[in-house]
Amino acid sequence: MKYTVKEVLQFVEENDVKFVRLMFFDIFGVKKNISIMAQELESVFQSGAHIVSSTVNGFQNDDSTDLLLFPDPTTLKVLPWRPQQGRVVRLFCDIKNQDGTAFEGDVRNVLKKAVAKTEEMGFRCKTGLACEFYLFKLNDEGYPTRIPQDNAGYLDVAPLDKGENVRRQICLTLEQMEIDPLSSHHENGPGQNEIDFKHSDMLSAADNFMTFKTVVKNTAAANGLYASFMPKPLMDKSGSGMHIDILLEKYGFNIFKNKGEGLSDDAKSFIAGVLRRSAEMTVFFNPLSNSYARFGMYEAPCGIDWSYNSLDTLIRLPEMKRNSARMEYRSPDPSCNPYIAFALLMYAGLEGIEDKLELCPPSDVKLSDDSSAHLPESLAKAISLAKKSDFIKEHLPKMIFDKYISIKSEEVNCSLQSAELRQQQEDRYFEII
């Protein structure tokens, strides 16, 4: 249910809500929040809540000033793991400057603009996600280890699969928050799990993904475990991906299934557009040095190619019924900022439609060694490609682009200095992703 301001205030009053968490995201998709007492919410809807921009990663500017958080009433969710007496609710926020204009670093606004562009071109996008994560044991002091919860494999069941009850709790909690999981199972790696989601509008899909990560981490903690969304927490085991499903309709018709056999012209051009921009977009889909250890192994793609059924290609078009036919984009991992990733994915596909790009034949065999046909093999290479991209600079606000690339470049430089610094960086992300 999507609430109005009036309905949110009524819900808070009638449901013993005492605390309201105002959540927003830095440019890397890391959640931030401040908590206000429920009686302050009406005032915050009108005037906003102040935050200091200079303390948020990527928000710093030479002329940094306070920013204002304005709650989005459609994002109201009760946090089921908090006490039922004196309830806690969460609202995602729009970020504005002091004069009321949109803040350039607001990543939700970046995606909103991409959705508006999609609709202006006569399309409607539904997005689904399949996300993998690991469950690790804690040590005696309560800190996470790299010891998996179990030694089960793909689709195993209890007692070998020890994540069964945790996944059940995650799915039930998501349902309580009006988010619809589709399925869940044990994945290939020891302690690795996957939960898939029903399709929803693109902004809701991004919001739901960020909520999902919070639910997973809190549920794991309640069970004495640590949930990690690192792309490759165990170097010799399967990596964790975040596959993005795109179902695109034009005037109610699914473009990935035309009236006859095969793809429509719009679908071909959309896929071609995504393929054309994939290399230069990769740093935003795979933002960690650790991300690149995943490519090319355990069905994680390394080539810029597509197929109907192969799990090794960047884009897959699984055989589906007409109304559920979709494009599956397989390179992203769950450390990415979904608001930026979804926006760039849509802009690339729509550009392909505007340019009427022709789609290359599907690839069912290994690619040649032509580096232009492969995703970048390292974070440093991905940064280099993004720096040269007029496409990225056109669609991302300058502040986000400059800060994102600058901070990621610093991480690369740091990791090159010593193995100790590289390990420190890896451990840091293991804790926060």
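Going by the structure shown, is LEU174 in a loop (DSSP other than H, G, I, E, B), farther than 30 Å from MET121 by Cα and modelled with pLDDT of 95 or more?
no
Spot the failing condition for VAL88; the list is (1) over 30 Å from CYS125 (Cα atoms); (2) in contact with a helix residue (DSSP H, G or I) (Cβ under 7 Å, 6 or more places away or on another chain); (3) touching a residue at least 40 places away in the same chain (Cβ under 8 Å); (4) not in a loop (DSSP other than H, G, I, E, B), and only one is missed.
All conditions are met except number (2).
Answer yes or no: is there a residue in the stretch 38-45 that is modelled with pLDDT of 95 or more, β-branched (Val, Ile, Thr), farther than 24 Å from PRO334 by Cβ and assigned to a helix (DSSP H, G or I). Explain how you work it out, then say what you get.
We begin by selecting, within the stretch 38-45, every residue modelled with pLDDT of 95 or more; these are 38-45.
Within this subset, residues satisfying the condition of being β-branched (Val, Ile, Thr) are 44.
Then keep just the ones that are farther than 24 Å from PRO334 by Cβ; that gives 44.
With the extra rule that they be assigned to a helix (DSSP H, G or I), the set shrinks to 44.
For the stretch 38-45, residues modelled with pLDDT of 95 or more, β-branched (Val, Ile, Thr), farther than 24 Å from PRO334 by Cβ and assigned to a helix (DSSP H, G or I): present.
Identify, by number, the condition in (1) in a helix (DSSP H, G or I); (2) polar (S, T, N, Q); (3) at pLDDT 80 or above that SER415 doesn't meet.
Of the numbered conditions (1) in a helix (DSSP H, G or I); (2) polar (S, T, N, Q); (3) at pLDDT 80 or above, the odd one out for SER415 is (3).
Could you please find all residues in the stretch 21-63 being over 25 Å from LEU288 (Cβ atoms), touching a residue at least 12 places away in the same chain (Cβ under 8 Å) and of a type in the set (Gly, Ala, Ser)?
Hits for the stretch 21-63 are SER35, ALA38, SER47, GLY48, ALA49.
Would you call ILE27 assigned to a loop (DSSP other than H, G, I, E, B), buried (at least 18 other Cβ atoms within 10 Å of the Cβ), modelled with pLDDT of 95 or more and at negative phi?
yes
Could you please let me know if VAL115 is in contact (Cβ under 8 Å) with a residue 12 or more places away in the chain, closer than 23 Å to ASP180 by Cβ and not in a loop (DSSP other than H, G, I, E, B)?
It is true that VAL115 is in contact (Cβ under 8 Å) with a residue 12 or more places away in the chain, closer than 23 Å to ASP180 by Cβ and not in a loop (DSSP other than H, G, I, E, B).
Those residues that are part of a loop (DSSP other than H, G, I, E, B), within 20 Å of THR214 (Cα to Cα), open to solvent by 20 Å² or more (accessible area, probe 1.4 Å) and not aromatic (Phe, Trp, Tyr), I need them from the stretch 124-165; list them, please. I'd like the intermediate steps shown before the answer.
In the first step, residues of the stretch 124-165 are kept if they are part of a loop (DSSP other than H, G, I, E, B); the result is 139-143, 149-163.
Applying the additional criterion that residues be within 20 Å of THR214 (Cα to Cα) yields 142-143, 149, 163.
Subsequent filtering for residues that are open to solvent by 20 Å² or more (accessible area, probe 1.4 Å) retains 142-143, 149.
Hits for the stretch 124-165 are GLY142, GLN149.
Condition first: farther than 26 Å from ASN109 by Cβ and either in a helix (DSSP H, G or I) or open to solvent by 70 Å² or more (accessible area, probe 1.4 Å) (or both). Now tell me which residues in the stretch 7-18 satisfy that.
Matches in the stretch 7-18: GLN10, GLU13, GLU14, LYS18.
On the basis of being touching a residue at least 24 places away in the same chain (Cβ under 8 Å), in a strand (DSSP E or B), buried (at least 21 other Cβ atoms within 10 Å of the Cβ) and in contact with a Cys (Cβ under 9 Å, 6 or more places away or on another chain), does LEU69 make the cut?
Working: touching a residue at least 24 places away in the same chain (Cβ under 8 Å): yes; in a strand (DSSP E or B): yes; buried (at least 21 other Cβ atoms within 10 Å of the Cβ): yes; in contact with a Cys (Cβ under 9 Å, 6 or more places away or on another chain): yes.
Against the criterion (touching a residue at least 24 places away in the same chain (Cβ under 8 Å), in a strand (DSSP E or B), buried (at least 21 other Cβ atoms within 10 Å of the Cβ) and in contact with a Cys (Cβ under 9 Å, 6 or more places away or on another chain)), LEU69 qualifies.
Could you list, in sequence order, all residues of the stretch 32-57 that are farther than 16 Å from ALA102 by Cα, touching a helix residue (DSSP H, G or I) at 6+ places or on another chain (Cβ under 9 Å) and open to solvent by less than 70 Å² (accessible area, probe 1.4 Å)?
Result: ILE36, ALA38, LEU41, ASN57.
Being open to solvent by 30 Å² or more (accessible area, probe 1.4 Å) and assigned to a helix (DSSP H, G or I) is the filter here, so list the residues in the stretch 200-242 that pass it.
Selection gives LEU203, ASN208, LYS217, ASN218, ALA221, ALA222.
Within the stretch 343-359, is even one residue out of contact with any helix residue (DSSP H, G or I) (no Cβ under 9 Å at 6 or more places or on another chain), assigned to a loop (DSSP other than H, G, I, E, B) and in contact (Cβ under 8 Å) with a residue 12 or more places away in the chain?
no
So is PHE270 out of contact with any Ser or Thr (no Cβ under 7 Å at 6 or more places or on another chain), of a type in the set (A, V, I, L, M, F, W, C) and modelled with pLDDT of 95 or more or not?
yes
Do we find a residue being touching a strand residue (DSSP E or B) at 6+ places or on another chain (Cβ under 8 Å), under 21 Å from HIS395 (Cβ atoms) and open to solvent by less than 10 Å² (accessible area, probe 1.4 Å) anywhere in the stretch 303-311?
Quick first cut of the stretch 303-311, residues touching a strand residue (DSSP E or B) at 6+ places or on another chain (Cβ under 8 Å) only: 303-310.
Right, trim to under 21 Å from HIS395 (Cβ atoms) and you get 304.
Among the residues that remain, those that are also open to solvent by less than 10 Å² (accessible area, probe 1.4 Å) are: none.
No, because not a single residue in the stretch 303-311 is touching a strand residue (DSSP E or B) at 6+ places or on another chain (Cβ under 8 Å), under 21 Å from HIS395 (Cβ atoms) and open to solvent by less than 10 Å² (accessible area, probe 1.4 Å).
Could you check ALA102 against (1) among the hydrophobic types (A, V, I, L, M, F, W, C); (2) closer than 18 Å to PRO397 by Cα; (3) touching a residue at least 60 places away in the same chain (Cβ under 8 Å) and say which number it fails?
Condition not satisfied by ALA102: (3).
The values are calculated or read from the model by the stated rules, or taken from the named source; none is laboratory data. If you're wondering where the values come from, they're calculated on a predicted model, not measured in any experiment. Cβ sites come from the backbone with ideal geometry, for glycine too, and all protein chains shown count toward neighbours. Remember, those area values only see protein heavy atoms, side chains included, never the ligands or the DNA or RNA. Shrake-Rupley method; radii C 1.70, N 1.55, O 1.52, S 1.80 Å.
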